[in-house]
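Enquirer: Dropping a structure here in structure tokens format, bear with me for questions.
The values are calculated or read from the model by the stated rules, or taken from the named source; none is laboratory data. On a predicted model such as this, the values are computed, not experimentally measured, just so you know. Glycine also receives a Cβ, built like all others from the backbone with ideal geometry; neighbour counts cover every protein chain displayed.
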Amino acid sequence: MAQLLVSSALRTGFEGDLMVFTNADHRLFEFGRDRLQEIAVAPEMEISNETARSGKSFKFLARNYIDAKAYDTIMFADCDALFLKNPDELGPEDAQGITYAIEPDSYARPTDEWHCGYLTDAEMKEPRAAINSGLWRIGGGIYSEVMQQWEEVCARPAPRKHACTDQSAWIRVVLDSAYAPRPFHQPGAIRYPFFERGTMHEFESARFLHFAGMDAATKLSYMVSTYLRRFCPAATHVLFDSLTMA
């Protein structure tokens, strides 16, 4: 999935630096890629028995490996995703604050364990747009501070049961931030094919597809097919011909 995500960003014409954090024992790309840095997770940060929690918490712990002030902005994306268009085009143009992703057709409700872990009863009186922690952008000057805040929220006991600690905590950070957070503003730019209403045509006109919500094998199969249709249409026909030859 990480190979596909990186390749998709490069094929869209993205010219920024790319960093992949991994605890794999081999490189993603044997001969590397321009502007790609593969960062091996330090032993003390390796995923332990708490696999899911450790992996998700590295979203904010990665700040220890990044010289944030060397960048105007820093964007994070989960690896179960594809860029279909240049990440720089997601907008808004002024990206020095916090920009977050909203799940279309999804709302945080009291019974929702994925978004409401750190919301108060008063905040849950009315459904609110669900924020997803799988894509965000932060100004380089405030990146380390915001990541520290995220870690501090995650370390606090949540007032209500929740299944996704990092996402619930991220929502709390966004709501409490003094940096005027705002969502990626283009309608239809960020889509979630596994839990959002829509057609494949609508999804593939997006700028970013996040395949959240299914097991890894299912995610990968959809990512591969989408990637080939988007970036390698000629190869797709050749593959189909080889499969159908008798």
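Enquirer: Consider residue 83 carefully, then state whether it is at pLDDT 80 or above, buried (at least 16 other Cβ atoms within 10 Å of the Cβ) and under 20 Å from residue 167 (Cβ atoms). I'd like the intermediate steps shown before the answer.
Expert: On the way: at pLDDT 80 or above: yes; buried (at least 16 other Cβ atoms within 10 Å of the Cβ): yes; under 20 Å from residue 167 (Cβ atoms): no.
No; evaluated as a whole, the condition is false for this residue.
Enquirer: Go over the candidates 73, 120 one by one and state the one that is β-branched (Val, Ile, Thr), at pLDDT 75 or above and surrounded by 15 or more Cβ atoms within 10 Å (Cβ to Cβ). Before you say what the answer is, go through the steps one by one.
Expert: Details: 120 fails: surrounded by 15 or more Cβ atoms within 10 Å (Cβ to Cβ).
None of the others qualify; the one that does is 73.
Enquirer: So, in segment 1-33, exactly how many residues are surrounded by fewer than 16 Cβ atoms within 10 Å (Cβ to Cβ) and in a loop (DSSP other than H, G, I, E, B)?
Expert: Summing the residues that are surrounded by fewer than 16 Cβ atoms within 10 Å (Cβ to Cβ) and in a loop (DSSP other than H, G, I, E, B) in segment 1-33 gives 13.
Enquirer: Taking the residues in segment 177-193 that are out of contact with any helix residue (DSSP H, G or I) (no Cβ under 8 Å at 6 or more places or on another chain) and not hydroxyl-bearing (Ser, Thr, Tyr) as candidates, determine which candidate is nearest to residue 120 (Cα to Cα). Reasoning before the result, please.
Expert: Applying the first criterion (out of contact with any helix residue (DSSP H, G or I) (no Cβ under 8 Å at 6 or more places or on another chain)) to segment 177-193 yields 178, 180, 182-183, 185, 187, 192.
Checking which are not hydroxyl-bearing (Ser, Thr, Tyr) leaves us with 178, 180, 182-183, 185, 187.
Numbers: 178: 19, 180: 20, 182: 21, 183: 22, 185: 26, 187: 29 Å.
Taking the candidates together, the pick is 178.
Enquirer: Select from segment 142-186 the residues that are acidic (Asp, Glu) and surrounded by fewer than 20 Cβ atoms within 10 Å (Cβ to Cβ) and write down the one among them that is farthest from residue 115 (Cα to Cα). Lay out the reasoning, then the answer.
Expert: Of segment 142-186, the ones acidic (Asp, Glu) are 145, 151-152, 166, 176.
Pick out the ones that are also surrounded by fewer than 20 Cβ atoms within 10 Å (Cβ to Cβ) and you get 145, 151-152, 176.
Details: 145: 22, 151: 17, 152: 17, 176: 15 Å.
Looking at residues that are acidic (Asp, Glu) and surrounded by fewer than 20 Cβ atoms within 10 Å (Cβ to Cβ), I get 145.
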